[in-house]
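The values are calculated or read from the model by the stated rules, or taken from the named source; none is laboratory data. Everything numeric in this text was worked out from a predicted model, so none of it was measured. Every residue, glycine as well, gets a Cβ built from its backbone with ideal geometry; the counts of neighbours run over all protein chains shown. When the accessible area is computed, the model is the full protein with side chains, heavy atoms only, and any ligands, DNA or RNA have been set aside. Shrake-Rupley method; radii C 1.70, N 1.55, O 1.52, S 1.80 Å.
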Amino acid sequence: MNKLTLALTGNPNAGKTTLFNALTGARQHVGNYPGVTVERKEGEYKKDNFQAVIVDLPGTYSLTAYSEEEVVARDFIANEKPAVVINIIDAANLERNLYLTSQLLELKIPLVVALNMIDVAKDRGIDIEVAKLAALLGVPVLPIVARTGQGLDALMTAAQDMVEGRIAPPDPAKVKISYGEDIDQTLLLMTDLIREKALFGGKYPSRWIAVKIVENDESLIREVAAADPDLGERLKIEADKVADHLMKTFDTYPEAVIADHRYGFIKGILKSGIITHHYDKNRLYTSDRIDKVLTQRFAGPLIMLLTLFSIYQITFSLSALPIAGVETVFSWISTLVDGLLADGALKSMLISGVIDGVGGVMGFVPLIMLMFFCIAILEDSGYLARVAFMMDRIFRIFGLHGSSVMAFIVSGGIAGGCAVPGVMATRTLRSPKERMATLLTVPFMNCGAKLPILALLIGAFFAEHQALYMFAFTLLSWVVALVAAKILRMTVLRGAPTPFVMELPPYRFPTFNGLMIHTWERTWQYIKKAGTVILLISIILWAMMTYPGLSPEKKAQYSKERAQVNALYESDSEEATKLFLKIDNQQQALTLRNSIAGRIGIAMEKVTWLSGFEWRTNIALLGGFAAKEVVVSTLGTAYSMGDVDPEASTSLGQRLARDAAWSPLVALSALLFMMFYAPCFVTVVCIARESGSWNWAIFSILYSTTFAFILATSVYQIGRLLGF
Amino acid sequence: MKRISLRKMAKNQQGTITAVKVAGDLGRRIRDMGLVTGTEIMIQGRAPLNDPVALRIRGNTLTLRNNEADHIEVEVDE
Ligand SMILES: Nc1nc2c(ncn2[C@@H]2O[C@H](COP(=O)(O)OP(=O)(O)OP(=O)(O)O)[C@@H](O)[C@H]2O)c(=O)[nH]1
C-alpha cells in the first residue's frame, strides 16, 4: 500500500515550520523540487494506528502564479493529490490568512484548517468562535498552538477521520464565492466549455480553472493552451470580453474584482459574529512599541549596525576555538597517516589531497553552524524583516533587495567573513532575481581567507599605510560588488524589481528547538554537498601540482645533497635541520615548476604578463581556486626556489619585495586580481546549489575572473605608462 | 473627505482604500497581501530613508515601497 500523504500549506509566518517540526520531529528529509530552488521538506508522522508522510509546502499568500513557491504548492496539490491538505492559519491575522483558504476551498480538495496562534490571539483580545467558523467554511477547523503542541492530537484525528471517510470533504455548494454579476456570467459560460471538453481530465475543478483564466493567471493559461489550444483560445476570448467590459464600465481589472470579492466573502464570514475584538484593532502591541525604537530614524540604523557587527564578532570569535580543534584533529590524522604509510604517491595523495581537502571543508563547519544559528535567531525573531525594511532604499539603487544586506555582511562586508555562509544566507531572500544578483556578487567581499594575502602584500609593499590600504580595499570590495550587482541586474538578470509588499511579523521569541533544526539542516547540506565535490577537486589539484614529478637524475641530485649534509653535520644538529629544510623547499619548488600546474602557470604567462604576473604567481592563483588560503602557501613554495643563502631565513614578504618580478605596481595589480577573481571552489559549489544550476556557477567563475583580469591589467598598464 | 495617493499620507494618518490601480504581478501581490478596496489602513511609520513605508492593516503590519504606494488611492479625512 502506498503511504498516505498529507500536505501542509499556509501563509509565511503562520507557524507552518513549527507545526511541521512538532508533527514529524527529527524524521525529516529536505530536498529540492525538480528544476526550481524551492525547498521540499518531507517528514513522517506516526501515532497509534495512523501513519503518514507530511509534506511541508512552501509558504504562500495565494495560489496565483506570483512566485515559484506558489506554482510549486499548487502543482503539488493538483498533481500529487495529497489525502488531506492541512491549511494552517494565523488566528491573530485571520482575514488575510483566510484569503488562501478561500482559494483552497475552490479547489475542492479534502481540507482541514489548523487555527494556529490562538494564544497570541487571546493575548490580543481576539475571540474566535471555532465551531461557527467551521460550519461556514464547510471544513473542520481545529484550534492549535503549534509552539506548545496544544491541539495537535485533535488536528491529526480530524485529518485521519477525513482520510478514512468519517468526515465528508468540503461541500462545494457552500463555498461558491460570487464574483459579481458580470464575472459570474462569464464563469458560467466558461465552466460549461471546460466541462464539455473534460479539460485536464478533471484534475482541477472546472470553475476554478475559469476563475484562474479570468484572473489572468499566466502559468495556468499556458497549461490550458498546451493541453487544448482551441479551447484555450475560446476561453481567452471570453475572459478578454469581460475584462474589456469591466475596464470600460468600472475602470478596473478582473483580478481586482475577484480579489475584492474574495475579501468580501471572508468579511461576510467574519461579520457573522465569529470574531470579537476586545481591544481597539489599531492598538499598538508590545511588538509595535519595540519597533518604535528599532526602526527609528537614527537609533534604528545604529542598532542594526551594532547587531550585525556583534553577530559577526560572535561567530568569528566563538568559532575560532572549534575551528582550531577541527584543524588539530585533521593534522593529527595527517601525522597518523604519515607514520603509518611509506613515502609515496598514495601517502602524498591522502595527506595533501584527501585530508587537506576534506579538512579545509570541515574547518568551515563550526563557523557555518554559528553563523546560521545567529541568522536563525534574527529570522525567527522577526528582526531580519526590519533590517530589510531599513536597508531596502539603499540596496534597491543597485537592483538588490533590503534582505541582501545580511549576505553581504556575512561574506566579508566587514573584512574577514566567508562567502560560503554568505551565499547560503541568500536563502532568506524571496525575490528570485535579486537573490541571484546577491548570490553572484557576495564573493567579491573580502573574506577571511583573502586577508592573509592582503596582509602579505600590503605588508611587503605598502607598509607605511597599512591600515589605510586595508580600509580602502574593504571599501573597494563594496563598491565593486554593488556596481557588479547593478550591471547584472541591467543585463543577464534584467527585470522589474520584485515588489517589496512584505509583512513585518510581530517580534517573537525563537524556540530553541526551531533554531537547532534550522541550523542543523543547513549545516548538514553544506557538509554533504560541499564535502563530496570538494574531495574530488582537491585530489585533482593535488595531482596537478605533483605530477609528472622530477626526473630521476634531479631526484638523485637532491639525495646526493642530503647525503653530503649527513656527512658534514650531526643528523639532529641545527645546521643539518636547516639545510634539510632548504633542500626540501628547493625540491618542492622545482617539482611544482615541473608539474602540470607549473606548466599551465608558465603557459599562462602569455596572457598574464599583461597584468604583470609571472608563472609562480599564476600557480598560486590557480591554487587559490581550491581555497584562497592556498595562495599564500603556494607563493611560499614557489618563491623558496633558488634561495642560495642558507643563513637567510627571510620571510615570504621580504622575498617578494626583493624579487625582480615584483614591484609595488605588480603587488597592487595582484591584490586587485586576487580580491575579485573566481570565488573559491567551496563557494562555487554553494552557488551551484543555491541557484539550482551549474551554469550559474560557471558563469560566476568566468565573469568574475574576466572582470578581475581587466581591472588588474588596466591598473598595471596605466601604472606602467605613468612610470611606476 | 478627499482622495489622495497612499504615498502622500502622513505618519499616523488613517484612511480607507478606494482603488488599487495596477495589474500584473505587483497588483496581484498588493491584493494578495490584503490591500483591497474598502480596507482601513493607518500609516505606522517610514524607514529611516523615508522609503519604504509601514502600514497598519487589520491589526498587522505591512511594508511597501513609495513607488508601489503610488498605485493605491486612499480616502482620508481632511
Ligand atoms: N505564540 C505562538 N508562536 C508561534 C506559534 N506557532 C509558531 N509560532 C512562532 O511563530 C514564528 C514563525 O513560525 P514558523 O513556523 O517559522 O512560521 P512559518 O509559517 O514556517 O514561516 P516561514 O518559515 O517564513 O514560511 C516562530 O517564531 C514560532 O516560534 C503558536 O502557536 N504560538
**Sole residue being within 14 Å of chain B (Cβ to nearest Cβ) and among the aliphatic types (A, V, I, L, M), chosen from A:Ala299, A:Ala320, A:Ala324, A:Ala345** = A:Ala299
**Asked** Within region A:217-235, which residues are open to solvent by 60 Å² or more (accessible area, probe 1.4 Å) and either over 38 Å from the mean Cα position of the chain (by Cα) or under 26 Å from A:Glu181 (Cα atoms) (or both)?
**Response** A:Glu218, A:Pro229, A:Asp230, A:Glu233, A:Arg234
**Message:** Please return the ranges of strands (runs of 3 or more DSSP E) entirely within region B:32-78 where 2 or more residues are within 16 Å of B:Ile17 (Cβ to Cβ) and more than 10 Å from every other protein chain (Cβ to nearest Cβ).
**Reply:** B:72-76
**Item:** Matching residues in region A:43-70 - criterion: being within 13 Å of another protein chain (Cβ to nearest Cβ) and either hydrophobic (A, V, I, L, M, F, W, C) or in contact with a strand residue (DSSP E or B) (Cβ under 8 Å, 6 or more places away or on another chain) (or both)
**Value:** A:Gly59, A:Thr60, A:Leu63, A:Ala65
**Prompt:** Mind checking which pairs have a first residue in region A:367-387 that is part of a helix (DSSP H, G or I) and small (Gly, Ala, Ser) and a second that is at pLDDT below 85 and open to solvent by less than 20 Å² (accessible area, probe 1.4 Å), Cβ under 6 Å, 6 or more apart or different chains?
**Reply:** A:Ala376/A:Thr519
**Complete:** Counting only residues that are within 16 Å of the chain's Cα centre (by Cα) and either at pLDDT 80 or above or within 16 Å of the ligand (Cβ to nearest atom) (or both), region A:524-552 contains a total of 1
**Condition check for A:Glu503: acidic (Asp, Glu) and under 26 Å from the mean Cα position of the chain (by Cα)** = yes
**Item:** From the options A:Val479, A:Val410, A:Val483, residue that is crowded, with 20+ Cβ neighbours inside 10 Å and of a type in the set (A, V, I, L, M)
**Value:** A:Val410
**Fill in**
Residue pairs qualifying under the 6 Å Cβ cut-off, at least six apart or on distinct chains, with the first in region A:508-521 being within 14 Å of chain B (Cβ to nearest Cβ) and more than 9 Å from the ligand (Cβ to nearest atom) and the second being open to solvent by 40 Å² or more (accessible area, probe 1.4 Å) and assigned to a helix (DSSP H, G or I), are none
**Complete:** Scanning region B:29-39 for residues that are open to solvent by 10 Å² or more (accessible area, probe 1.4 Å) and closer than 23 Å to A:Arg386 by Cα gives B:Arg29
**Request:** Could you check, for region A:415-431, whether at least one of its residues is more than 14 Å from chain B (Cβ to nearest Cβ) and farther than 22 Å from A:Val365 by Cα?
**Result:** yes
**Message:** Against the condition within 16 Å of the ligand (Cβ to nearest atom), away from chain B (no Cβ under 12 Å) and not aliphatic (A, V, I, L, M), how does A:Lys122 come out, does it pass?
**Reply:** yes
**Message:** So, A:Met362, is that one open to solvent by 30 Å² or more (accessible area, probe 1.4 Å) and away from chain B (no Cβ under 14 Å) or not?
**Reply:** yes
**Message:** So, A:Glu434, is that one within 20 Å of the chain's Cα centre (by Cα), of a type in the set (D, E, K, R) and within 14 Å of another protein chain (Cβ to nearest Cβ) or not?
**Reply:** yes
**Segments classed as helices (runs of 4 or more DSSP H), wholly inside region A:511-627, with at least 2 members that are open to solvent by 40 Å² or more (accessible area, probe 1.4 Å) and either in contact with a Lys or Arg (Cβ under 8 Å, 6 or more places away or on another chain) or more than 30 Å from A:Met674 (Cα to Cα) (or both)** = A:512-546, A:552-568, A:574-594
**Message:** For the list (1) away from every other protein chain (no Cβ under 14 Å); (2) open to solvent by 60 Å² or more (accessible area, probe 1.4 Å), I need the number of the one condition that A:Ser381 fails.
**Reply:** (2)
**Prompt:** Given the conditions (1) open to solvent by 10 Å² or more (accessible area, probe 1.4 Å); (2) within 16 Å of the ligand (Cβ to nearest atom); (3) within 19 Å of A:Gly202 (Cβ to Cβ), which single one is not true for A:Leu63?
**Reply:** (1)
**Message:** Could you tell me how many of the residues in region A:66-75 are away from the ligand (no atom under 12 Å from the Cβ) and open to solvent by 10 Å² or more (accessible area, probe 1.4 Å)?
**Reply:** 6
**Residues that are hydroxyl-bearing (Ser, Thr, Tyr) and under 19 Å from B:Gly24 (Cβ atoms), drawn from region A:478-515** = A:Thr498
**Asked** Which of the residues belonging to region A:372-387 are within 11 Å of the ligand (Cβ to nearest atom) and charged (D, E, K, R)?
**Response** A:Glu379, A:Asp380
**Request:** Starting from residues that are open to solvent by 20 Å² or more (accessible area, probe 1.4 Å), within 12 Å of B:Glu73 (Cβ to Cβ) and not in a strand (DSSP E or B), keep the ones in region B:1-21 and report whichever is farthest from the other protein chains (Cβ to nearest Cβ).
**Result:** B:Lys8
**Fill in**
Quick count over region A:388-401, residues being more than 15 Å from the ligand (Cβ to nearest atom) and more than 8 Å from chain B (Cβ to nearest Cβ), is 7
**Fill in**
Note on region A:127-153: residues more than 14 Å from every other protein chain (Cβ to nearest Cβ), open to solvent by 50 Å² or more (accessible area, probe 1.4 Å) and more than 10 Å from the ligand (Cβ to nearest atom) are A:Glu129, A:Ala131, A:Lys132, A:Ala135, A:Leu136, A:Asp153
**Asked** Any residue in region A:231-253 that is away from chain B (no Cβ under 14 Å) and outside any helix (DSSP H, G or I)?
**Response** no
**Fill in**
Those residues of region A:1-24 which are more than 13 Å from the ligand (Cβ to nearest atom) and under 18 Å from A:Tyr61 (Cα atoms) amount to A:Ala7
